[in-house]
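Worksheet for the structure shown next.
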Amino acid sequence: MPEDARSRVLRVATFVGTRATDPDRGPQVRINSEDARSRLLIDGELAWVQGPRRQELATVVVDDSVKRGDCGLRDVAGASVSELVRVTKPDLDSHTRRGFFA
């Protein structure tokens, strides 16, 4: 059975760690428009970035200068360059997990 296109792994091509004094901060993932389309993600939306050590919500930036199959991360803890991560859309419509959120 082929792997679902919405959960294919992406290689971290670039990683930026910001400082407290930088104007643009916070978790961000940059992906190609084709990769974003296959994951049903749009620019500015939140997505789960699941790395080898942890998972974190990050803002999606659609950037066609990023090669297909690669991604760029900013301020995402637990991931580094050349590692494989999954970028997925959060399931906010499911009623089974509603009690776990504040």
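The values are calculated or read from the model by the stated rules, or taken from the named source; none is laboratory data. Model, not experiment: these values are computed from the prediction. For neighbour counting, all protein chains shown are included, and Cβ atoms are generated from backbone atoms with ideal geometry for every residue, glycine included.
Below is a table of values for the structure above.
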quantity: Number of positions in segment 1-21 that are assigned to a helix (DSSP H, G or I) and either of a type in the set (A, V, I, L, M) or modelled with pLDDT of 95 or more (or both); calculated: 1
quantity: Matching option when the condition is touching a helix residue (DSSP H, G or I) at 6+ places or on another chain (Cβ under 6 Å), in contact (Cβ under 8 Å) with a residue 40 or more places away in the chain and of a type outside the set (Ser, Thr, Tyr), among 39, 8, 25, 30; calculated: 39
quantity: Residue in segment 50-62 that is surrounded by fewer than 18 Cβ atoms within 10 Å (Cβ to Cβ), out of contact with any Pro (no Cβ under 8 Å at 6 or more places or on another chain) and modelled with pLDDT of 95 or more present; calculated: yes
quantity: Members of segment 81-98 found to be loosely packed, with under 15 Cβ neighbours inside 10 Å and either assigned to a loop (DSSP other than H, G, I, E, B) or under 12 Å from the mean Cα position of the chain (by Cα) (or both), listed by number; calculated: 81, 82, 84, 90, 91, 92, 93, 94, 95, 96, 97
quantity: Any hit, segment 31-40, residues being of a type in the set (A, V, I, L, M) and at pLDDT 95 or above; calculated: yes
quantity: Candidates 43, 35, filtered to the one that is under 19 Å from residue 91 (Cα atoms) and either touching a Cys at 6+ places or on another chain (Cβ under 8 Å) or aliphatic (A, V, I, L, M) (or both); calculated: 35
quantity: Count - residues of segment 42-58 that are free of Cβ contacts under 8 Å to residues at least 40 places away in the same chain and either part of a loop (DSSP other than H, G, I, E, B) or aliphatic (A, V, I, L, M) (or both); calculated: 10
quantity: Residues of segment 65-76 that turn out to be part of a loop (DSSP other than H, G, I, E, B) and touching a residue at least 24 places away in the same chain (Cβ under 8 Å), as a count; calculated: 6
